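Each remark here refers to the structure printed beneath this line.
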Amino acid sequence: MAEKLVIVGAGVAGVNAATKLVDNGFPGKNITIIDMGKDPYRRPYSEVMTGFLGAGGWSDGKLTYHTAIGGHMSKYCGEDKAMELFDEVINNFKRFHPKPEEVQCSDPQAEPDFIKPYFGLRLFPVWHVGTDYLHEIGKNWYDYLVSKGVKFIWETKVTSIDFDAQELYCDWNTPKETIKYDRLMFAVGKSGIDFGKQLADDYKLPTEPKPVQIGVRFEAPQKHFQKLIDISYDFKLYRKFEEEGVSLRSFCTNNNAAFVAVEETYGNHSYNGHAKKDEQYRNDMTNFGILMEIQGIEEPFTWSRELVEKIQKNATGLYYSPTRTPSTTSEGEDVSAVPIDELQLDEIRLAFQGYYTYIDDFIDDMKKVFPTLGDDWGVYIPEVKYLSPEPLVDYDTLALIDYNNVHFVGDALSARGITVSGAQGNYVAEWILQCVEDEEEYPEFFENY
Ligand SMILES: Cc1cc2nc3c(=O)[nH]c(=O)nc-3n(C[C@H](O)[C@H](O)[C@H](O)COP(=O)(O)OP(=O)(O)OC[C@H]3O[C@@H](n4cnc5c(N)ncnc54)[C@H](O)[C@@H]3O)c2cc1C
């Protein structure tokens with residue numbers, strides 16, 4: 001008999017997992033998905049991180065298609081299996097897409113000579129779904145899961161979980177009301193990272209060591225980067241300083257109709273970006289993160305949080321440019337950021353404890369590679385990826401070492417993007433299906449346990 005599965009988080013990971021389960025005969029009525037956001041019919045654009053498809057719902061809809069990008073998958077299951085799981089995620093986005101024929105893959109091959117003296121260039125395939133379609137995809141996908149009997153509980157925040165009693169508590173619960181589970185999928189994404197940390201602390205979960213990932217969101221008119229964009233839409237410039245334990249990469253490049261987005265984590269503002277596909281939004285801008293990965297910092301999570309907290313002003317992030325002003329969002333509102341001058345930037349450099357030099361050098365070298373760039377750019381400070389804590393899981397099941405019915409998936413584990421998050425959800429779903437099959441085949445074995 002199929003067990004009761006509760007998924008915390010209706011994001012990319014949770015939704016893909018539920019889809020694979022019901023596609024393969026797992027009864028939908030045995031799946032409950034709890035999310036603090038809204039269903040796709042009621043989710044407004046302003047709720048960037050929560051609701052059906054989570055952060056993926058209002059993302060740039062770029063599905064990376066390479067195991068070196070977007071977090072860890074192959075370390076759990078090997079290269080071939082990872083690619084198979086990626087295919088399943090991409091097929092789901094096509095399957096619920098109103099115009100699946102428009103989902104195209106860009107697969108750049110050649111590394112141009114003009115980049116080589118200054119940067120490495122990572123080229124990898126990307127499937128482009130288009131932000132504008134994500135809303136419709138969400139509705140179609142949601143309708144499918146509901147039609148299969150999956151139960152959704154919206155606008156409900158899970159506040160604590162008792163792994164021993166196998167029950168969880170929500171913000172609407174009176175002390176006596178709980179939700180029971182046989183198996184739990186913890187799929188809370190970045191918006192639930194605090195919750196993950198709380199559980200890791202409460203249960204003293206062993207964790208994997210993680211580096212700091214912090215930097216800025218860089219923005220400039222697209223024309224300066226066009227010769228590279230023609231080769232690779234989502235280009236990734238990178239460089240590594242082996243001895244210093246620092247590497248830098250450009251992250252999540254947006255073009256054509258490119259907008260900077262504010263992310264709110266732990267009450268602080270940081271930045272990300274997304275692009276619209278519809279021509280009406282075209283602003284001919286480019287934005288991407290310049291992210292440093294810094295090894296060897298003790299307590300990387302606390303270090304990043306304290307730094308982000310320190311560089312907030314008027315309850316938001318900062319904007320520096322030699323010549324420009326902050327842009328507007330796709331809705332025509334100002335991007336929330338306090339402009340600072342060169343003197344104030346020096347204070348930020350101090351707060352970064354010397355590491356900002358790497359960003360200065362990165363921008364200086366971009367000016368050499370893209371000669372028209374000059375001072376025609378700006379940076380939103382900071383962009384941050386909180387990578388900690390990552391609980392140690394069984395690589396075959398993504399379940400906690402001490403609680404084999406509690407699976408961590410997506411950004412709550414080690415993902416940093418849509419394809420890997422969805423693939424991790426599908427990987428666990430596959431394992432659950434295998435358990436159900438084994439139980440049906442060998443009932444006497446399971447009766448004894
Ligand atoms: C602006 C932006 C653009 C992006 N663009 C891209 C892109 O183009 N390509 C790409 O690959 N990645 C992109 N990403 C990252 C990508 O969206 C995430 O990596 C992915 O969505 C993670 O999937 P997930 O299922 O782990 O978490 P999410 O999709 O974030 O879903 C987590 C869900 O859990 C819910 N939740 C959290 N805590 C609780 C709680 N306590 N109780 C109940 N519910 C809870 C949230 O409401 C949310 O719906 C972008 C992210 C942002 C913010």
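Read-outs: derived from the displayed coordinates by stated rules, not from any lab. Since we're looking at a predicted model, the values are computed, not measured. Glycine gets a Cβ as well: all are built from the backbone with ideal geometry, and neighbour counts include every protein chain shown.
For the pair residue 284/residue 165, report the inter-label distance in nm, with labels modelled 7 Å from Cα in the Cβ direction.
Output for this residue pair reads 6.2 nm.
In whole Å, what is the distance between the alpha-carbon centres of the stretch 181-222 and the stretch 1-62?
Comparing the Cα centres of the stretch 181-222 and the stretch 1-62, I get a distance of 18 Å.
Which of 141, 127 comes first, and how do the rest follow, when ranked by fewest Cβ neighbours within 10 Å?
127, 141
Using all alpha carbons of the stretch 355-449, what is the percent of pairwise distances in each 5 Å bin, ordered from the shortest bin to the longest?
Binned Cα distances yield the sequence 2, 10, 13, 13, 11, 8, 9, 8, 7, 5, 4, 3, 3, 2, 0.
Considering the convex hull of the alpha carbon atoms of the chain, report its projected area averaged over all viewing directions, in nm², one decimal.
21.8
Can you tell me the 0 to 90 degree angle between the C-alpha axis of helix 131-147 and the longest principal axis of the chain, rounded to 10?
For helix 131-147, the angle is close to 0 degrees.
At a Cα cut-off below 16 Å, give the aspartates and glutamates reachable from residue 277, other chains included and same-chain residues fewer than 8 away excluded.
Within the straight-line limit of under 16 Å, residue 277 reaches these aspartates and glutamates: 60, 101, 102, 132, 136, 234, 331.
Just rank 285, 185, fewest to most, by other beta-carbon atoms within 10 angstrom.
Ranking 285, 185 by Cβ neighbours within 10 Å, fewest first, gives 285, 185.
Can you give me the distance in nm between label points at residue 349 and residue 29, each placed 7 Å from the Cα along the Cα-to-Cβ direction?
The modelled label-to-label distance comes out at 6.7 nm.
Only bridges with both residues in the chain count here: give the DSSP antiparallel percent, nearest 5.
Once the DSSP bridges in the chain are tallied, antiparallel ones form about 75 percent.
Could you work out which residue, out of 315, 17, 55, moves most in a Gaussian network model of the chain, that is, has the largest mean-square fluctuation with Cα springs under 10 Å?
Result: 315 has the largest fluctuation of those listed.
In the stretch 132-245, with Lys and Arg counted as +1 and Asp and Glu as -1 at Cβ, which of these residues, 187, 235, 145, has the Cα nearest the positive end of the dipole, that is, farthest along it?
Sorting the options by dipole projection puts first 235.
Looking at the stretch 303-422, send over the antiparallel percent of its DSSP beta bridges, to the nearest 5.
70
Order by neighbour count: 236, 204, 62, fewest other Cβ atoms within 10 Å first, most last.
204, 236, 62
To make sure I understand the rule: partners must be aspartates and glutamates, Cα under 17 Å from the Cα of residue 148, and not fewer than 8 residues away in the same chain. Which ones qualify?
3, 23, 39
Going through the cross-link list 310/367; 38/139; 236/313; 116/227; 75/157, which pairs have a Cα-Cα distance over 21 Å in this structure?
As for pairs spanning more than 21 Å Cα to Cα, those are 310/367; 236/313; 75/157.
In a Gaussian network model over the chain where Cα atoms closer than 10 Å are linked, find which of 413, 373, 387 has the largest mean-square fluctuation.
The residue with the greatest mean-square fluctuation here is 373.
For a test of the definition: using alpha carbon positions, the gyration tensor, and the 1.5 limit on a/c, classify the stretch 214-264 as rounded, prolate or oblate.
Oblate.
Pick out, from 33, 260, 417, the residue whose Cα sits farthest towards the positive end of the charge dipole of the chain, with +1 on the Cβ of Lys and Arg and -1 on the Cβ of Asp and Glu.
After comparing all options, I get 260.
May I have the pair-distance distribution P(r) for the stretch 34-122, computed from all Cα-Cα distances with 10 Å bins from 0 and rounded to whole percent?
Cα pair-distance distribution for the stretch 34-122, in percent: 13, 31, 35, 17, 4, 0.
Taking the Cα centre of the chain as origin and charging only Cβ (+1 Lys, Arg; -1 Asp, Glu), how large is the dipole, in debye to the nearest 20?
So the dipole magnitude of the chain works out to roughly 1000 debye.
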